[in-house]
1. Restricting attention to the range 111-118, does a residue exist that is at pLDDT 95 or above and either closer than 22 Å to Thr167 by Cβ or touching a Lys or Arg at 6+ places or on another chain (Cβ under 6 Å) (or both)?
2. Take Thr122 and tell me if it is in contact with a Gly (Cβ under 9 Å, 6 or more places away or on another chain), surrounded by 13 or more Cβ atoms within 10 Å (Cβ to Cβ) and over 22 Å from Leu63 (Cβ atoms).
3. Quick test of your reading of the structure: Ala61 fulfils all but one of (1) modelled with pLDDT of 90 or more; (2) within 29 Å of Ser165 (Cα to Cα); (3) out of contact with any helix residue (DSSP H, G or I) (no Cβ under 9 Å at 6 or more places or on another chain). Name the failing condition by number.
4. Just to be sure I understand the filter: pairs with C-beta atoms under 6 Å, separated by 6 or more residues or on different chains, first member in the range 60-77 and without any contact (Cβ under 8 Å) to a residue 60 or more places away in the chain, second member part of a helix (DSSP H, G or I) and open to solvent by 50 Å² or more (accessible area, probe 1.4 Å). Which pairs pass?
5. Tell me, which residue of the range 69-110 that is within 27 Å of Ala144 (Cβ to Cβ) and of a type in the set (Lys, Arg) is least open to solvent (accessible area, probe 1.4 Å)?
Amino acid sequence: MANDNNRQSIRVRGDGNVVGSNNVVNSRREEHHHHHHHGGSSKGGNSGDDAAGIGFGILGAALVIGWFFMRHAEEIYFYIKLGALASAVPFVAVLILAYFWNSFDNRQLTATIFGFALSTITFFLAQYGQDSLDPRLIQFSQQARDAWSFWKGLTEHGQHVVIGSLTAFRYTQVPQQCGTLLIS
């Protein structure tokens with residue numbers, strides 16, 4: 001085998017195949033390092049179009065998620081409350097066992113009470129969220145054939161209520177026509 005400046009020759013013996021029968025195969029290994037800097041612009045497209053497409057995609061997803069959330073709000077809140085109750089059961093069991101066996105140190109007791117408190121708070125927040133939803137919004141979302149018709153049928157206040165319900169932020173600014181959620 002010869003090596004001449006990254007050039008290698010290899011002799012292969014075989015039975016008449018492409019490389020065999022004392023044929024010599026020359027290979028040359030070359031490494032090229034290219035560093036291209038385009039000054040922040042990309043070839044073949046406009047980055048502004050990409051950002052607009054991503055923005056419209058996010059907006060469309062938010063509309064669909066808001067409609068889906070309102071359409072299934074009763075079920076969503078039911079399962080959140082069920083999960084909160086189910087997560088509270090082990091904490092209650094540990095507290096009862098610790099009371100009878102008196103085998104708790106302060107750190108374990110604090111963690112158990114903290115977990116139980118989080119479960120309880122989650123349950124009551126879900127109940128508050130469900131109680132504060134306007135039934136007209138839920139009914140309208142179930143009657144709407146798609147997210148776009150649902151969103152177009154809401155007033156600006158109704159849109160804020162949907163977004164606030166979805167993100168757990170309450171819309172505090174009261175419009176002039178208080179309580180108007182849907183466009184007639």
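1. Taking every residue of the range 111-118 in turn, at least one turns out to be at pLDDT 95 or above and either closer than 22 Å to Thr167 by Cβ or touching a Lys or Arg at 6+ places or on another chain (Cβ under 6 Å) (or both).
2. In short, yes.
3. So the condition that Ala61 fails would be (1).
4. From the range 60-77, the pairs are Tyr77/Gln130.
5. So the residue we want is Lys81.
The values are calculated or read from the model by the stated rules, or taken from the named source; none is laboratory data. The model shown is predicted, which means the values in this text are computed figures rather than measured ones. Cβ atoms come from the backbone with ideal geometry, glycine included; neighbour counts cover every protein chain shown. The accessibility values were calculated without ligands, DNA or RNA, using every heavy atom of the protein model including side chains. Shrake-Rupley method; radii C 1.70, N 1.55, O 1.52, S 1.80 Å.
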